[in-house]
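Working notes for the structure below.
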Amino acid sequence: MHPAIKIVNLIIVSIFLTQGGWSTLFLTGALLLPFYLSHLEFWGSAIKMLYRLKWFFISILLIYYYYTPHVLTSDSLQVQSAFVQFLQHILPGMFRISVLVFILFSVNLFIKTTTKEEILSALLWLFLPLRIFNIDIERLSLRAVLTLEYIEDLSVRLSNYKQNKSLELSNKDAKTGYFSSEFYLKRKDHFLHLIEHSGIIFREILKEAEKTSGKSYTLDCLESPKFIQFSYPLGLFLIYFYSL
């Protein structure tokens, strides 16, 4: 499949996931499941992405739990179990988390089946109509290249730092104990130091990016997709549209 068609399909899936309901989630799961069953190696990277967002998901649950308004019922249904009230507050948050999970699985599938060069060339092809508005698509594509390149560098440096720091903390925790107040203070200091170190790494990467001003990049503009391939996003759009 043409990389540009893959990007369009990903955009369609993301839009309908954010605008649809539970039926849209089940439909997306049915579409993604055959790909993940035939490529079991894709599960590892997808689960790793979800694990990195665990605190973000927990914050969504807490926000929806405490800020979802209570649904008033009639006198005949006034007595409700605590479990039903809990579901009324937690289900909206679970739905939003499920939307993000399916979007992440879709993005992971796209990344695993498309090389970085294909992604950048597809973006360049998709940006071609912007020339009508006198927009420099080469400059726009170059920004995308640099963003992908230095985001990867930033993630590698942060993961190395976190790994070294976690080993240091684990050795100290074995001495102080996991239920002492000193343990939680060290975790708090570690989190704050991680944020500060992220800023330092980001500034270093910006300086390195400025030094690579003479570096040349070559992006090959892809040929237009075959006419039959345009039926994929059209069919995907119709499936989601009639499922709403």
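The values are calculated or read from the model by the stated rules, or taken from the named source; none is laboratory data. In this text, all values refer to a predicted model and were calculated from it rather than measured experimentally. We place every Cβ from the backbone using ideal geometry, glycine too, and count neighbours over all the protein chains shown.
Quick look at the values:
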| read-out | value |
| --- | --- |
| Residues that are in contact with a helix residue (DSSP H, G or I) (Cβ under 7 Å, 6 or more places away or on another chain), aromatic (Phe, Trp, Tyr) and modelled with pLDDT under 85, drawn from region 40-66 | TYR64, TYR65 |
| Region 13-46: number of residues that are surrounded by 12 or more Cβ atoms within 10 Å (Cβ to Cβ), within 14 Å of PHE105 (Cα to Cα) and under 18 Å from the mean Cα position of the chain (by Cα) | 12 |
